[in-house]
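Below you'll find the structure, written out as structure tokens, and then a few comments.
The values are calculated or read from the model by the stated rules, or taken from the named source; none is laboratory data. Computed from a prediction, not measured in an experiment: that's the story for all the values here. Neighbour counts run over all protein chains shown; Cβ positions are idealised from the backbone, glycine included. Only protein heavy atoms, including side chains, enter the accessible area calculation; ligands, DNA and RNA are left aside. Shrake-Rupley method; radii C 1.70, N 1.55, O 1.52, S 1.80 Å.
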Amino acid sequence: MDIQKNHKNVDFIIAVDPLNFLSGFTYSFFSRKRILFHLPDFSENRFNNKLLNVVYIVITRTCCTVSQQTICVSQEMHNKI
């Protein structure tokens, strides 16, 4: 679907990871569309670098806070965030 031609038919955006969310959020900010954030996996130690881990966690938590709805795979993952 070409989103530029059919954007009026789209009621919401589903973002699957934090980077995907950032682009979807930018679009939803200007178009006033709802955005749903699906988090298929979350790890508190995703990277070997502590700074990258902190950035990853901050971005993920921000996505969960800003989205209209967050969908997690399990309740345990939801509790970690």
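For this structure, a couple of remarks:
- Filter result for the condition that a residue is in a loop (DSSP other than H, G, I, E, B) and without any contact (Cβ under 8 Å) to a residue 24 or more places away in the chain, over 23, 43: 43
- Residue in the stretch 58-75 that is of a type in the set (A, V, I, L, M) and touching a residue at least 40 places away in the same chain (Cβ under 8 Å) present: yes
Table: residues versus (1) among the polar types (S, T, N, Q); (2) assigned to a helix (DSSP H, G or I); (3) at pLDDT 85 or above.
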residue	(1), (2), (3)
6	yes, yes, no
27	no, yes, no
36	no, no, yes
56	no, yes, yes
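- The residues of the stretch 29-40 that are without any contact (Cβ under 8 Å) to a residue 24 or more places away in the chain and of a type outside the set (D, E, K, R), listed by number, are 29, 30.
- Meets criteria (part of a helix (DSSP H, G or I) and of a type in the set (Ser, Thr, Tyr)) for residue 70: no
- Residue 51, sole failed condition from (1) under 9 Å from the mean Cα position of the chain (by Cα); (2) open to solvent by 60 Å² or more (accessible area, probe 1.4 Å); (3) of a type in the set (A, V, I, L, M, F, W, C): (1)
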